[in-house]
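See structure below.
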Amino acid sequence: SFITVDSSPEDAQKLLQSCMDRTKHISLLLSIRGAELLFKPQRGDALDFAPILESLDIRINIGNRRSYSSRFDFPPNIFNGFAPRLRRLRLSGAVGFRNFLHSGLLVDLSYLSLSSYSTTGQSAELPNILSALSRLKKLGTLRLENVLPTPRNNLSELPEPDNILALTTITHLTLIDNHTACADFLRHIALAPHTRTEYRLKHDEERDRTPP
């Protein structure tokens, strides 16, 4: 079954409770307030486990795209980290991922897409991103949009990375961000020769420190 919820967190909770043990695909569309209510600990009984869930798509909508400073930081304990069949995960909208990178849900993914309206005040640190990716041994497709941090110094002033993370299982990589953030990320990883890559580079005066 496929569930799309664009309603109150109470309705979403009831629906999830009624079908969590028999649902393979879930799509949720929530406001920031709705996400906070649905995912806070005292409502965790709706999201304790997802035994057969294979695909999860959550979008947090702020209604006004100009309110970039508003966001929901995904907690790492969705489903208490218990979704053994989860293979596809997409989180998007007014979201941040600082804490979510520690989630046990990531380990067995073959598809991961993290997309944010804006990076203002929410970019995860690069070591944490690399650490999370190092645990994804089955990942085939990775899409990151407005997730990567921008280094404080120009790339030419940065030392060479001490370690390079080999992402040999990835067959499709998409990066959508300012060019400095993308370039710094690529300095720290090694892709297989057959990997298909797509870059959509942007120039942000506040985040970029070198011309595009």
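The table for this structure:
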| item | result |
| --- | --- |
| Charge context of residue 85, other residues only, Cβ under 15 angstrom, K/R +1, D/E -1 | +2 |
| Under-5 Å amide H pairs with residue 97, H placed in peptide plane, nonlocal only | 124 |
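No value in this document is a laboratory result; all are computed from the given coordinates. Quantities reported herein were computed from a predicted structural model and do not represent experimental measurements. Ideal geometry is used to build each Cβ from the backbone, glycine not excepted, and the neighbour counts take in all protein chains shown.
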